[in-house]
Amino acid sequence: MEKNKGIQKMAERVVEGYNAIHDKDYQKGKKLLEPLAPLLHQAERPNVTFLCYLSIALIGSKDIDAFLSTYEELQRHKPNNKKELALKDRVDEMFHELMESLQSNNNNG
């Protein structure tokens, strides 16, 4: 029974994290999701949806290094459905926007 309670609590935390990101509370989303990354995503059991949401929380909270690391991991995995594909496309757009902004900052400096 205790194991089920732990899983339930973790699931609630994930949902709360996803909801925070939908509400553009990236700091809260990062705080809720980042500690769960080792549990919810492993190379042999990829979780593209989780990586997408975590990436959005990281870039939204301006944690660029962690975003780039998570984005790199995300690129190793294929989306399993249209929802994951749309999420991954959005993260790809964010990555390209970041690269463009860094490029223009370098050109202006």
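Counting only Cβ charges, +1 for Lys and Arg and -1 for Asp and Glu, the dipole size of the chain around its Cα centre is about 460 debye. Computed from Cα positions, the angle between helix 2-22 and the longest principal axis of the chain comes to roughly 30 degrees. Evaluate the distance, in nm, between pseudo-label points positioned 7 Å from the Cα of Arg76 and of Gln42 along their respective Cα→Cβ axes. Using points 7 Å along Cα→Cβ, the separation is 1.3 nm.
Paramagnetic label reach from Glu16 (point 7 Å along Cα→Cβ; backbone nitrogen cut-off under 16 Å): within region 36-68, residues 36-37. Take every pair of alpha-carbon atoms less than 8 Å apart whose residues are at least six positions apart; their mean separation over the length of the chain yields a relative contact order of 20 percent. Placing a pseudo-label 7 Å from each Cα along the Cα-to-Cβ vector at Asn106 and Ile7 gives an inter-label distance of 4.7 nm. Were the residues from Leu85 through Ile64 laid out at 0.36 nm apart, the gain over their Cα-Cα distance would be 5.3 nm. Among the lysines of region 2-108, pairs that are 8 or more positions apart or on different chains and have alpha carbons within less than 16 Å of each other number 6.
Within the chain, what's the longest run with no trypsin sites (Lys or Arg not before Pro) in a DSSP loop and at most 14 other beta-carbon atoms within 10 Å? Give the range, please. Formally, the longest exposed-site-free interval is 25-61.
Read the figures in this text as sums done on the coordinates, not as results from a lab. Computed from a predicted structure; not experimentally measured. Note: ideal-geometry Cβ built from the backbone for every residue, glycine included; neighbour counts use all protein chains shown.
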